[in-house]
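This report refers to the structure that appears directly beneath it.
The values are calculated or read from the model by the stated rules, or taken from the named source; none is laboratory data. All of these numbers come straight from a predicted model, not from anything done at the bench. Here the Cβ positions follow ideal geometry from the backbone for every residue, glycine too, while neighbour counts run over all protein chains shown. Accessible surface is based on the protein model in full, side chains and every heavy atom, while ligands, DNA and RNA are left aside. Shrake-Rupley method; radii C 1.70, N 1.55, O 1.52, S 1.80 Å.
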Amino acid sequence: MFRLFVRMFLVISMLAGTQVYARQISFDLENTQGKVTQASYPGKYLLLSLGYTSCPDICPTTLYEYAATLEQLEQPDAIVPIFVTIDPVNDTAETLLSYTEYFDKRIVGLTGAMDNIKALTDQLGATFGYRLDGKRIDIPEKGTAYTVYHTSLIYLINPEGQLVDVFDYQIGADDLAAALNKVLVKK
């Protein structure tokens with residue numbers, strides 16, 4: 001539905017004669033090797049999703065689709081699949097590496113300071129949060145039984161760091177690969 005809205009907005013904007021610019025995305029996160037930014041992947045498209053390693057359904061589905069999509073891409077080296085945790089209290093860089101490698105060794109897991117994760121989600125228009133005993137909490141404490149909620153979209157960022165498309169996590173590997181092949185083959 002969101003993707004349809006974005007496409008309708010683009011068509012209406014073109015018909016109205018206005019220019020539509022892609023939104024610039026930047027981040028300052030980390031993996032097991034240290035600091036990672038959007039500039040860490042020069043010349044690459046980024047396929048980015050948000051989640052957490054103990055997610056029961058959305059995140060494993062998304063990462064499974066990442067792996068299946070990579071197998072269908074005509075130019076898989078032109079894209080970097082990235083999984084950014086929104087639960088840095090429990091998801092360390094090492095935890096993310098183990099988790100993402102389970103699905104495909106090419107998937108990059110990133111974590112970071114809560115402020116840096118929030119800055120990225122704000123740029124994407126994504127949401128996430130935590131609840132404890134049914135009440136919203138701002139920053140969870142390790143060891144408490146809080147629940148996590150988050151946006152379940154997949155974001156495509158071009159080599160210039162611009163958000164150029166958004167996909168529902170349930171798009172399926174076949175359709176995601178077809179959409180990405182259209183973009184990557186033009187490159």
Output the qualifying pairs, or none if there are none: Cβ atoms under 9 angstrom, residues six or more apart or on different chains, first residue in segment 75-86 and touching a residue at least 24 places away in the same chain (Cβ under 8 Å) and within 9 Å of Ile107 (Cβ to Cβ), second residue of a type in the set (Gly, Ala, Ser) and not in a helix (DSSP H, G or I). Pro81/Ser49; Ile82/Ser49; Ile82/Gly109; Phe83/Ser49; Phe83/Gly51; Phe83/Gly109
State whether the residues of segment 27-35 include one that is touching a Gly at 6+ places or on another chain (Cβ under 8 Å), open to solvent by 60 Å² or more (accessible area, probe 1.4 Å) and of a type in the set (Asp, Glu). yes
Output the residue which, of all residues in segment 73-106 that are among the β-branched types (Val, Ile, Thr) and within 19 Å of Val183 (Cβ to Cβ), is surrounded by the fewest Cβ atoms within 10 Å (Cβ to Cβ). Val80
For Leu97, all conditions in the list (1) aliphatic (A, V, I, L, M); (2) at pLDDT 95 or above; (3) closer than 24 Å to Arg23 by Cα hold save one; what is the number of the exception? (3)
Cβ-Cβ below 8 Å, separation at least six or inter-chain, first residue in segment 29-41 and touching a residue at least 60 places away in the same chain (Cβ under 8 Å) and among the polar types (S, T, N, Q), second part of a helix (DSSP H, G or I) and open to solvent by less than 40 Å² (accessible area, probe 1.4 Å): which pairs? Asn31/Ala93; Asn31/Leu96; Thr32/Ala93
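Show me the strands (runs of 3 or more DSSP E) entirely contained within segment 114-187 in which 3 or more residues are open to solvent by less than 50 Å² (accessible area, probe 1.4 Å) and either touching a Ser or Thr at 6+ places or on another chain (Cβ under 8 Å) or not acidic (Asp, Glu) (or both). Talk me through it step by step, then tell me what you get.
Numbers: elements: 128-132, 135-137, 147-150, 153-157, 162-168.
Passing ranges, in order: 128-132, 153-157, 162-168.
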